[in-house]
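The values are calculated or read from the model by the stated rules, or taken from the named source; none is laboratory data. A quick note: this is a predicted structure, and the numbers were derived from the prediction, not measured. As a convention, Cβ positions derive from the backbone with ideal geometry for all residues, glycine included, and neighbour counts pool all protein chains shown.
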Amino acid sequence: MELINSYIRYLQYERRYSPHTAEAYRHDLSEFCNFLHTNDGCSLQDVDFKWIRRWVVALSKAGNSSRTVNRKIVTLRSFFRYLRKEGVVTDNPADKISVLKTDKQLPVFLTAAKMDEVLDEMPEGETFSEARDKLIPEMFYMTGIRLSELIQLKESDVDIRGMTIKVLGKRNKERIIPLLHEFCKSLHRYISLKRTTFPDTDALFVLDSGKPLYARWVQRLTGKSLGAVTTVKKRSPHVLRHSFATNMLDNGADLNAIKELLGHAGLAATQIYTHNSLKRIKKVYQQAHPRA
């Protein structure tokens with residue numbers, strides 16, 4: 001386990017991975033170690049590609065999706081790359097393992113009209129808690145930020161007068177996101193309520209107890225908000241992020257601008273949203289063209 005602990009520290013402090021991502025890597029590696037132990041396998045230093053292939057087969061037989069299995073393969077590749085760099089192993093056995101074929105999945109999103117329903121259904125709220133519960137889903141949709149980024153937001157990151165918010169993204173990369181005037185008014189009102197209720201904390205969003213938010217709590221709130229107006233199965237904060245990007249693109253936003261707003265490292269990750277738009281364009285074409 002010390003090799004894994006050393007690797008996780010490397011991810012957190014040298015590669016600047018988020019705690020959530022580092023924990024996912026730890027979980028995958030612990031799962032692989034348990035597989036080795038259960039099957040009378042070797043130590044991590046002596047693992048060859050055959051052991052990894054057996055694990056991949058076992059994961060698939062257990063019903064894991066191709067995407068899940070591929071993520072675990074990527075974890076092992078990264079881990080053994082680190083061990084090789086540290087001189088613990090001489091080669092990377094995971095390099096010989098091919099990823100599984102997957103079907104391309106388009107992001108789940110809500111249309112602009114449906115998002116209007118979501119936000120309009122929520123009452124303004126007179127108390128700190130009510131204002132917070134309305135503002136959090138709205139923040140996701142108005143800015144496209146990630147769950148981990150929202151949890152880290154501080155009051156000092158918000159510039160009401162300049163109508164911007166500073167977001168700390170993956171690998172401690174900062175970006176500035178513009179805000180709309182009406183949203184700034186709601187944000188200003190919420191901050192006033194929060195300062196009255198919890199004057200000693202700089203965190204932008206906190207629980208009713210004043211303690212920091214945690215991911216599961218935000219996921220439950222988002223699921224409840226989306227569940228009031230939609231029957232889609234996926235009701236996570238990421239659906240709001242996808243909705244932000246897709247609806248911006250539909251309204252003519254430049255793909256590079258969306259990339260910067262989302263905090264993507266490269267354009268490839270952003271281009272998936274063009275598939276959603278193209279799908280709807282084709283549908284309109286089939287319905288509207290005189291020769292269709």
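From the list Pro107, Pro123, exactly one residue is closer than 27 Å to Gly223 by Cβ, free of Cβ contacts under 8 Å to residues at least 40 places away in the same chain and either part of a loop (DSSP other than H, G, I, E, B) or touching a Cys at 6+ places or on another chain (Cβ under 7 Å) (or both). Which is it? Explain how you work it out, then say what you get.
On the way: Pro107 fails: free of Cβ contacts under 8 Å to residues at least 40 places away in the same chain.
Within the list Pro107, Pro123, the selection yields Pro123.
Run down Glu14, Glu117 and say which single residue is within 27 Å of the chain's Cα centre (by Cα) and surrounded by 13 or more Cβ atoms within 10 Å (Cβ to Cβ).
Step by step, each of Glu14, Glu117 is checked, and only Glu117 is within 27 Å of the chain's Cα centre (by Cα) and surrounded by 13 or more Cβ atoms within 10 Å (Cβ to Cβ).
Yes or no: Lys233 surrounded by fewer than 13 Cβ atoms within 10 Å (Cβ to Cβ) and either modelled with pLDDT of 85 or more or not small (Gly, Ala, Ser) (or both)?
yes
Anything in the stretch 141-168 that is part of a loop (DSSP other than H, G, I, E, B), closer than 18 Å to Glu260 by Cβ and out of contact with any His (no Cβ under 9 Å at 6 or more places or on another chain)? List them, or say none.
Ile145, Gly162
In the stretch 1-55, what residues are among the β-branched types (Val, Ile, Thr) and at pLDDT below 90?
The one that is among the β-branched types (Val, Ile, Thr) and at pLDDT below 90: Thr21.
Suppose we keep only residues that are aromatic (Phe, Trp, Tyr) and within 14 Å of Glu138 (Cβ to Cβ) within the stretch 172-222. Which one would you say is surrounded by the fewest Cβ atoms within 10 Å (Cβ to Cβ)?
Looking at the filtered set, the residue picked out is Phe183.
Run Arg171 past the list (1) touching a residue at least 40 places away in the same chain (Cβ under 8 Å); (2) at negative phi and report the number of the one that doesn't hold.
All conditions are met except number (2).
With (1) in a helix (DSSP H, G or I); (2) within 21 Å of Leu83 (Cβ to Cβ); (3) within 24 Å of the chain's Cα centre (by Cα) as the list, and Thr68 as the residue in question, which single condition is left unmet?
Answer for Thr68: the failing condition is (2).
Check Ile191, Ile160, Ile165, Ile177 and return the single one that is of a type outside the set (S, T, N, Q), touching a residue at least 60 places away in the same chain (Cβ under 8 Å) and assigned by TED's automatic domain parsing to the domain that holds Met139.
The conditions single out Ile177.
Which of the residues that make up the stretch 1-60 are part of a helix (DSSP H, G or I), within 27 Å of Glu149 (Cβ to Cβ) and small (Gly, Ala, Ser)?
If the condition is that a residue be part of a helix (DSSP H, G or I), within 27 Å of Glu149 (Cβ to Cβ) and small (Gly, Ala, Ser), then Ala22, Ala24, Ser30 are the ones that fit.
Test of understanding: among Glu138, Glu130, which residue is assigned by TED's automatic domain parsing to the domain that holds Ser209, without any contact (Cβ under 8 Å) to a residue 12 or more places away in the chain and either assigned to a helix (DSSP H, G or I) or farther than 19 Å from Gly263 by Cβ (or both)? Can you show your working first?
On the way: Glu138 fails: without any contact (Cβ under 8 Å) to a residue 12 or more places away in the chain.
Answer to the check: Glu130.
Scan the stretch 192-223 for residues that are over 15 Å from Ser129 (Cα atoms) and part of a helix (DSSP H, G or I) and report the count.
The total comes to 4.
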